[in-house]
Amino acid sequence: MAKVRWGVLGSGGIARRRTIPEGIVAASNAELVSVYDINANANEEVAKQFNASAAGSIDELLASDIQAVYIATPANMHYEQVLACAKAKKHVLCEKPLGMTIKETQKMIDACKQARVQLGTAFMMRFQSQHQAALQLIKDGKLGKPVYARAQLSCWYPPIKGAWRQDPKQGGGGSLMDMGGHCIDLLEMFFGPVKSISCFIRNSVHKYKSEDSAVAMLEFKNGVIGTVDTFFCIPDNSSKNMLELYGSKGSIIARGTIGQGGAGEMVAYLEGETSGYDAQQARASGEAIVIAPKPVNTYKAEIEEFSAAILEKRKASNSAAIGLQSQKVLAACYESAVKHKTANVE
């Protein structure tokens, strides 16, 4: 099988922990060739660990025999780095947010389009097998008319010196930007684009510059109402990363499917035909349908999809379009939080 030759910008962090070993190295149609990180010692370690060359600069990486670049640097570096990749005629899979602003993101998309290279967004949770099974149930009408959804992703993220996610000038925002983006993207995968938003952000516990708390109420174009709650100040084991999808014929309830793992617990309660009104509101225990397809590694899946799109000369499902939409929704979230009123997604 043909393999796409990959380079990595920002080889430490999530790239070293997850995307390189579980994604690029494990993928059937990908090959790790070169890595670069501003931390030269860490970059040398990664290169040695995964049998790649350690580039001494971004220019050296882009001059190497690679076809695609995975970018996992702080968000404020994405814009210039994507433009550099486009200029070098390299395909790019970039961590979210793609840019710091909608305008930056659009310029990144335009540059890659002009260079005739693909730009993708690393929303790997879309590939989680239970999320895909839930999506199919919705498409098949098993949930009936979609009504309400909730997605939750929280963790304990105390102040850490130099942590770029705790500085909005580097990361674009805190818990909402970092984790809420994944939750909103998942709900848009299920129910389509968001139309308007009411959002609250604050620092409930930690005193760094980015928010540690965020709750957003979403109104989708198809009429669904949703909420996303995401916190950097709730202990890891206390947040069960819930996903709840409700419709006129039932519900899909999951815990632990949102996150970096490959599987969680998901069940569906499906009523079939809508029943008559029950004045006593009786709640029968009901038979839960366990949704447990074979788990997939989401990092491997996102690399294989993007690599396949390059090899097959087609648009990747994890394209820049979902990244641009995410940027628009998040911008509306922050606008709503600052102005204390509902904001429309432009």
Restricted to segment 317-346 and to residues being in contact with a Phe, Trp or Tyr (Cβ under 8 Å, 6 or more places away or on another chain) and assigned to a helix (DSSP H, G or I), the residue surrounded by the fewest Cβ atoms within 10 Å (Cβ to Cβ) is ILE322
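Would you point out the residue of segment 168-195, among those that are charged (D, E, K, R) and either closer than 24 Å to ILE252 by Cβ or in contact with a Gly (Cβ under 9 Å, 6 or more places away or on another chain) (or both), that is surrounded by the fewest Cβ atoms within 10 Å (Cβ to Cβ)?
Restricting to residues being charged (D, E, K, R) and either closer than 24 Å to ILE252 by Cβ or in contact with a Gly (Cβ under 9 Å, 6 or more places away or on another chain) (or both), the top hit is LYS195.
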Candidates ILE184, ILE160, filtered to the one that is assigned to a helix (DSSP H, G or I) and of a type in the set (Val, Ile, Thr)
ILE184
Would segment 135-157 turn up any residue that is closer than 18 Å to ALA75 by Cα, among the charged types (D, E, K, R) and in the same structural domain as PRO235 (by TED's automatic domain parsing)?
no
Which members of segment 288-316 meet the condition of being surrounded by fewer than 16 Cβ atoms within 10 Å (Cβ to Cβ) and in contact (Cβ under 8 Å) with a residue 12 or more places away in the chain?
ALA288, ILE289, VAL290, ALA292, PRO293, LYS294, PRO295, LEU311, LYS315
Can you list the strands (runs of 3 or more DSSP E) found entirely within segment 1-114 that contain at least 2 residues being touching a residue at least 24 places away in the same chain (Cβ under 8 Å) and of a type in the set (Ser, Thr, Tyr)?
30-36
Determine, yes or no, whether LYS161 is farther than 18 Å from GLY99 by Cα, among the basic types (Lys, Arg) and in contact (Cβ under 8 Å) with a residue 12 or more places away in the chain.
no
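The values are calculated or read from the model by the stated rules, or taken from the named source; none is laboratory data. Computed from a predicted model, the values in this text were never measured in an experiment. Methodologically, a virtual Cβ is constructed for each residue, glycine included, from the backbone with ideal geometry; neighbour enumeration extends over all protein chains shown.
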